[in-house]
1. In a shell of Cβ-Cβ distance under 15 Å around Thr25, excluding Thr25 itself, what net charge do Lys and Arg (+1) and Asp and Glu (-1) give?
2. For the stretch 8-68, report the translational diffusion coefficient in µm²/s to the nearest whole number, using Stokes-Einstein at 20 °C, 1.002 mPa s, and a Kirkwood Rh over Cα pairs.
3. With Cβ to Cβ distances under 13 Å as the rule, what net charge do the other residues near Gly58 carry (K, R +1; D, E -1)?
4. Could you bin all the Cα-Cα distances of the stretch 75-140 into 5 Å bins starting at 0 and give me the percent of pairs in each, rounded to whole numbers?
5. Got a sec to turn the phi values of the stretch 58-72 into Karplus ³J(HN,Hα) couplings, 6.51 cos²θ - 1.76 cosθ + 1.60 with θ = phi - 60°, whole Hz, x for Gly and Pro?
6. Taking the chain as the region of interest, what is the percent of Cα-Cα pairs per 10 angstrom bin, listed from the shortest bin to the one with the maximum distance?
Amino acid sequence: MPGKVNPVMSEAMMMVSARVMGNQTTMVVGGQHSNFELNVMMPVMAHAMLESIQILSGVLDSFRVKCLDGIEANEARCKELLERNPAIATALNRTIGYDLGSKVAKKAAAEGRSVRDVVLELGLLSESQLDELLNVRNMTEPGIPG
């Protein structure tokens, strides 16, 4: 397919992770078979651990350089997507009630609009009230809002 970009760095990370999980199993089994504290499995355990350290450090560095460096969030787009998600109307339930919240969510989804726009159009809350209620950061913080 022309223009297709494969997620090779993510795939490399998954392969290394699988190998590290296998090495961890090797170390666990080796630890179980260190009979009489002779530690006859120590060489294979050390090899597995050192290999894991080496491949993890390599893939993490490559992933950072080729995938993460330079990434910046498009905050405006993120906010738009969050506010267009009808589920965010749940945050309004304590203020406008479940029935109106449901109406807002359904209308926003049906019309492809943000919950904020629908609430303002219906005159249910002010812009400042919406700023407080639809603050996604507050929704993700621990604790119960007062």
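Every number in this text was worked out from the coordinates using simple rules, so none of it is lab data. Just so it is clear, the model here is predicted, and its values are computed rather than measured. No Cβ is skipped: glycine too gets one built from the backbone with ideal geometry, and neighbour counts run over all protein chains shown.
1. Values: positive: Arg19; negative: Glu51.
With Lys, Arg at +1 and Asp, Glu at -1, the neighbours total 0.
2. Numbers: Rh = 12.5 Å.
Reported coefficient: 171 µm²/s.
3. Details: positive: Arg19, Arg64, Lys66; negative: Glu51, Asp61.
Summing Lys/Arg as +1 and Asp/Glu as -1 gives +1.
4. The calculated distribution, bin by bin, is 4, 19, 33, 29, 12, 2, 0.
5. x, 6, 5, 5, 4, 4, 4, 5, 8, 10, 8, 4, x, 6, 10
6. Spelled out bin by bin, the chain gives 10, 23, 15, 16, 19, 12, 6, 1 percent.
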